[in-house]
Amino acid sequence: QQQVKQSPQSLIVQKGGISIINCAYENTAFDYFPWYQQFPGKGPALLIAIRPDVSEKKEGRFTISFNKSAKQFSLHIMDSQPGDSATYFCAASKPGSGYSTLTFGKGTMLLVSP
Amino acid sequence: KAGVTQTPRYLIKTRGQQVTLSCSPISGHRSVSWYQQTPGQGLQFLFEYFSETQRNKGNFPGRFSGRQFSNSRSEMNVSTLELGDSALYLCASSLFGQDNEQFFGPGTRLTVL
């Protein structure tokens with residue numbers, strides 16, 4: 001049972017464009033939703049995270065939109081740059097474990113063309 | 001501060017053997033989690049340790065085990081290796097509590113032949 005579904009699997013965006021990655025979750029006990037960025041040969045690194053009490057969070061060019069009723073959240077990368085080319089993972093966790101137990105989506109490979 | 005370190009970075013084993021992977025968390029971090037990353041299944045949670053106690057365990061067979069030492073360093077062990085155990089094993093450390101960022105190490109690439 002895949003508790004966090006992520007789409008698309010891969011994405012090609014032109015430099016300066018907007019990259020949008022979507023995730024949907026099933027478990028309503030989840031209440032912490034981070035996004036991770038992974039470059040080849042590296043471990044994932046936290047980009048931005050949100051809780052269900054807000055509908056949007058922005059940090060620089062990265063924005064999370066959250067729709068609690070639809071159990072969906074998305075990552076928007078504005079003014080996408082070639083350096084943003086990486087694999088992005090959405091994740092979710094629930095209270096009780098210190099948020100150290102993450103359920104990940106299967107990832108989106110983003111390529112930003114120059 | 002030094003990041004999460006994992007040793008070894010690469011490992012080749014044959015079916016039936018066992019393997020031990022090591023993780024040193026960021027200084028001051030007492031929570032260590034392990035994940036398996038494969039192209040097919042993505043990132044899957046293995047287990048989490050805090051203060052030498054396993055707090056959570058993912059849906060993996062008993063061949064996968066771990067432990068944490070008093071200095072927060074952690075090891076995971078896989079016995080009776082199978083071809084399907086070939087994966088990138090990632091360790092992450094964090095300060096235990098809410099909204100704590102998990103810092104991932106570079107991983108150990110295990111290949112089972």
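The values are calculated or read from the model by the stated rules, or taken from the named source; none is laboratory data. All of these numbers come straight from a predicted model, not from anything done at the bench. For neighbour counting, all protein chains shown are included, and Cβ atoms are generated from backbone atoms with ideal geometry for every residue, glycine included.
Looking at the range A:47-61, can you tell me whether even one residue there is within 14 Å of chain B (Cβ to nearest Cβ), within 12 Å of the chain's Cα centre (by Cα), hydrophobic (A, V, I, L, M, F, W, C) and within 15 Å of A:SER85 (Cα to Cα)?
Yes, that holds for at least one residue.
Residue by residue through the range A:66-114, note down the ones that are outside any loop (DSSP other than H, G, I, E, B) and within 14 Å of chain B (Cβ to nearest Cβ).
Across the range A:66-114, the qualifying residues are A:ALA86, A:THR87, A:TYR88, A:PHE89, A:CYS90, A:ALA91, A:ALA92, A:SER93, A:THR103, A:PHE104, A:THR108, A:MET109.
Does B:GLU48 count as acidic (Asp, Glu) and within 18 Å of B:SER31 (Cβ to Cβ)?
yes
Restricting to the range B:1-16, count the residues that are in a loop (DSSP other than H, G, I, E, B) and either surrounded by 13 or more Cβ atoms within 10 Å (Cβ to Cβ) or under 17 Å from the mean Cα position of the chain (by Cα) (or both).
The total comes to 4.
Would you please list the contacts, defined by Cβ atoms under 8 Å and residues six or more apart or on different chains, that run from a residue in the range B:15-27 that is over 14 Å from B:LEU95 (Cα atoms) to a residue that is of a type in the set (Lys, Arg) and assigned to a strand (DSSP E or B)?
Matching pairs, first to second residue: B:VAL19/B:LYS13.
Among the residues of the range A:38-55, is any aromatic (Phe, Trp, Tyr), out of contact with any Ser or Thr (no Cβ under 6 Å at 6 or more places or on another chain) and either part of a loop (DSSP other than H, G, I, E, B) or touching a residue at least 60 places away in the same chain (Cβ under 8 Å) (or both)?
Checking the range A:38-55: at least one residue is aromatic (Phe, Trp, Tyr), out of contact with any Ser or Thr (no Cβ under 6 Å at 6 or more places or on another chain) and either part of a loop (DSSP other than H, G, I, E, B) or touching a residue at least 60 places away in the same chain (Cβ under 8 Å) (or both).
Output the number of the condition that A:LYS58 fails; it satisfies all remaining conditions of (1) at pLDDT 95 or above; (2) within 27 Å of B:PRO106 (Cβ to Cβ); (3) assigned to a strand (DSSP E or B); (4) not hydroxyl-bearing (Ser, Thr, Tyr).
Looking at each condition in turn, A:LYS58 falls short on (2).
Could you check, for the range B:55-64, whether at least one of its residues is surrounded by fewer than 18 Cβ atoms within 10 Å (Cβ to Cβ) and on the phi > 0 side of the Ramachandran plot?
Within the range B:55-64, not a single residue is surrounded by fewer than 18 Cβ atoms within 10 Å (Cβ to Cβ) and on the phi > 0 side of the Ramachandran plot.
Only one of these is small (Gly, Ala, Ser) and more than 9 Å from every other protein chain (Cβ to nearest Cβ): B:SER27, B:SER31, B:SER94. Name it.
B:SER27
For the condition surrounded by fewer than 22 Cβ atoms within 10 Å (Cβ to Cβ) and either touching a His at 6+ places or on another chain (Cβ under 7 Å) or hydroxyl-bearing (Ser, Thr, Tyr) (or both), what is the one hit in B:SER33, B:SER51?
Unique residue meeting the criteria: B:SER51.
Might you check whether a residue that is within 11 Å of another protein chain (Cβ to nearest Cβ), under 11 Å from the mean Cα position of the chain (by Cα) and not charged (D, E, K, R) occurs anywhere in the range B:74-89?
Yes, some residue in the range B:74-89 is within 11 Å of another protein chain (Cβ to nearest Cβ), under 11 Å from the mean Cα position of the chain (by Cα) and not charged (D, E, K, R).
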